Amino acid sequence: MVSINPLDRMHLFNRSKIIVIKVGSSLLVDDDKSAINTAWLEGIAGDIVALKESGKNVVVVSSGAIALGCRLLNIQNGKLKLQEKQAAAAAGQVLLAHAWMEALGAHEVQTAQILLSPDDTETRRKHLNARTTMLALLQLDAVPVVNENDTVATAEIRFGDNDRLAARVAAMIGADVLVLLSDVDGLYTGNPNGDGTATHLSKVSQITPDILAMAGPANEAFASGGMVTKLEAARIATSAGCQMIICNGQKPGPLTRLQTGAKHTLFTAMQSPHTARKQWIAGSLTPKGKICIDDGAVTALESGRSLLPAGMISVTGQFDRGDLIEVENNAGVVIGHGLSSYGSDDAMLICGHKSNEIEIVLGYRGRDEMIHADNLVISDI
Ligand code: GLU
């Protein structure tokens with residue numbers, strides 16, 4: 001266990017551009033009344049607005065649809081069948097999104113609802129679309145409010161799914177920090193409720209088997225507090241270069257508290273989201289095609305810019321939008337790899353055209369870039 005230097009904590013938020021906040025149902029929904037805990041929501045909205053005012057982009061992943069929907073549809077939130085949970089989520093999501101809209105709208109911050117399935121974050125093409133939409137919303141100064149699209153979920157909906165979803169969202173958009181607001185203040189070496197020797201960990205640098213063992217599954221009661229899924233979320237987030245924090249969100253203004261020293265566990269990432277994404281692009285996919293580009297485009301790419309159709313000389317192979325393609329110079333040397341914004345048929349049509357001609361050539365307005373700089377890795381040659 002390493003105690004955390006307050007400077008690290010300051011750094012964590014100071015250097016972050018994108019922060020994902022995951023809010024659990026138990027914080028947002030008052031159990032007795034199955035209604036939104038308005039005072040708490042107003043507090044967190046104030047925290048989020050303060051972060052935005054300090055120049056951060058914030059994404060919220062919020063649970064609570066099922067808990068709220070149960071009351072709306074008059075069903076007991078106990079052992080629900082899958083279709084009852086899905087029905088409850090469908091009804092409750094309207095209220096949930098509305099509550100966030102009101103709470104942030106009071107500060108003149110616009111919200112946008114995003115419902116995702118695990119598949120949307122894992123399938124590359126959907127992943128790229130969801131990522132681009134979310135980044136566009138952030139650029140437009142809105143706060144995306146994300147939940148799982150429970151209506152189309154095929155697997156059992158379980159408590160804790162949103163921990164993983166939040167980590168996948170954080171990885172997908174290249175967030176710097178993911179904060180899981182929970183009813184526990186972090187990871188302990190055992191169950192703090194039963195084991196008097198259990199100690200709190202303020203920082204975890206690696207998710208080792210010993211760390212995993214601290215969450216259960218032997219310890220059912222503690223595991224149901226969601227520590228198993230939280231560690232799974234930490235693995236997803238940190239391997240994508242995103243730091244993760246677990247802290248207790250029950251008291252008002254939890255994000256402000258966190259920045260002023262509230263107890264938490266920080267899971268550190270070994271690399272930046274940018275580096276992790278480039279590794280993912282370069283290392284884990286097989287190229288499906290090739291694009292040859294002119295010297296002007298080579299220079300643009302080497303200075304960190306995107307590949308525009310105007311710089312393309314030829315296209316080979318059969319690929320879909322989102323597939324990995326090789327980029328070669330006109331001497332046939334591969335100079336990089338990237339994820340294509342177009343399938344090969346459309347790529348051939350727009351090859352050599354200016355971006356403002358894409359709509360005329362294809363009949364629809366696609367992306368300006370053939371490969372966006374964020375999705376491009378230039379080889380060290
Ligand atoms: N998507 C579920 C809901 O909104 C929550 C799942 C979870 O809490 O992890 O109720």
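The values are calculated or read from the model by the stated rules, or taken from the named source; none is laboratory data. Remember, it's a predicted structure, so these values are computed and weren't measured experimentally. Please note: Cβ atoms are built from the backbone with ideal geometry, for glycine as well, and neighbour counts cover all protein chains shown. Quick note on the areas: whole protein, heavy atoms, side chains included, nothing else; ligands and nucleic acids left out. Shrake-Rupley method; radii C 1.70, N 1.55, O 1.52, S 1.80 Å.
As an exercise: evaluate K79 against (1) of a type outside the set (A, V, I, L, M, F, W, C); (2) surrounded by 20 or more Cβ atoms within 10 Å (Cβ to Cβ); (3) over 19 Å from the mean Cα position of the chain (by Cα) and give the number of the one condition it does not meet.
(2)
Search the range 344-378 for residues being at pLDDT 95 or above and more than 15 Å from A310 (Cα to Cα), and hand back the single one that is least open to solvent (accessible area, probe 1.4 Å).
S344
Based on this model, can you work out whether R125 counts as open to solvent by 20 Å² or more (accessible area, probe 1.4 Å) and farther than 25 Å from A233 by Cα?
no
Mind listing just one residue for me: the one in the range 61-85 that is of a type in the set (A, V, I, L, M) and more than 12 Å from the ligand (Cβ to nearest atom) and, of those, modelled with the lowest pLDDT?
L82
Give the residues of the range 289-309 that are open to solvent by 60 Å² or more (accessible area, probe 1.4 Å), closer than 17 Å to C351 by Cα and either basic (K, R) or touching a helix residue (DSSP H, G or I) at 6+ places or on another chain (Cβ under 7 Å) (or both), sorted by residue number.
Listed by number, the residues that qualify are K290, L308.
When you check V94 against the structure, is it modelled with pLDDT of 95 or more, closer than 22 Å to N375 by Cα, out of contact with any helix residue (DSSP H, G or I) (no Cβ under 6 Å at 6 or more places or on another chain) and within 16 Å of the ligand (Cβ to nearest atom), yes or no?
no
Can you say whether N129 is more than 13 Å from the ligand (Cβ to nearest atom) and in a helix (DSSP H, G or I), as far as the supplied structure shows?
Yes: the conditions hold for N129.
Quick one: which helices (runs of 4 or more DSSP H) sit completely within the range 168-286 and have at least 1 residues that are at pLDDT 85 or above and buried (at least 18 other Cβ atoms within 10 Å of the Cβ)?
Answer list for the range 168-286: 209-213, 227-239, 254-259, 273-283.
Among all residue pairs at least 6 apart or on different chains, which show Cβ distances below 9 Å where the first residue, located in the range 19-45, is of a type in the set (S, T, Y) and more than 15 Å from the ligand (Cβ to nearest atom) and the second is open to solvent by less than 50 Å² (accessible area, probe 1.4 Å) and not in a helix (DSSP H, G or I)?
T38/D30
With the checklist (1) polar (S, T, N, Q); (2) out of contact with any helix residue (DSSP H, G or I) (no Cβ under 9 Å at 6 or more places or on another chain); (3) under 30 Å from E53 (Cβ atoms) in hand, flag the one item T123 doesn't pass.
Among (1) polar (S, T, N, Q); (2) out of contact with any helix residue (DSSP H, G or I) (no Cβ under 9 Å at 6 or more places or on another chain); (3) under 30 Å from E53 (Cβ atoms), T123 violates only (3).
Taking the criterion of being touching a residue at least 12 places away in the same chain (Cβ under 8 Å), surrounded by fewer than 15 Cβ atoms within 10 Å (Cβ to Cβ) and charged (D, E, K, R), would at least one residue in the range 327-342 satisfy it?
Taking every residue of the range 327-342 in turn, none turns out to be touching a residue at least 12 places away in the same chain (Cβ under 8 Å), surrounded by fewer than 15 Cβ atoms within 10 Å (Cβ to Cβ) and charged (D, E, K, R).
Picking from L96, L138, L68, which residue would you name as being within 19 Å of D30 (Cβ to Cβ), in contact (Cβ under 8 Å) with a residue 40 or more places away in the chain and assigned to a helix (DSSP H, G or I)?
L96
If we keep just the residues of the range 102-122 that are free of Cβ contacts under 8 Å to residues at least 24 places away in the same chain and away from the ligand (no atom under 16 Å from the Cβ), which is surrounded by the fewest Cβ atoms within 10 Å (Cβ to Cβ)?
So the residue we want is E108.
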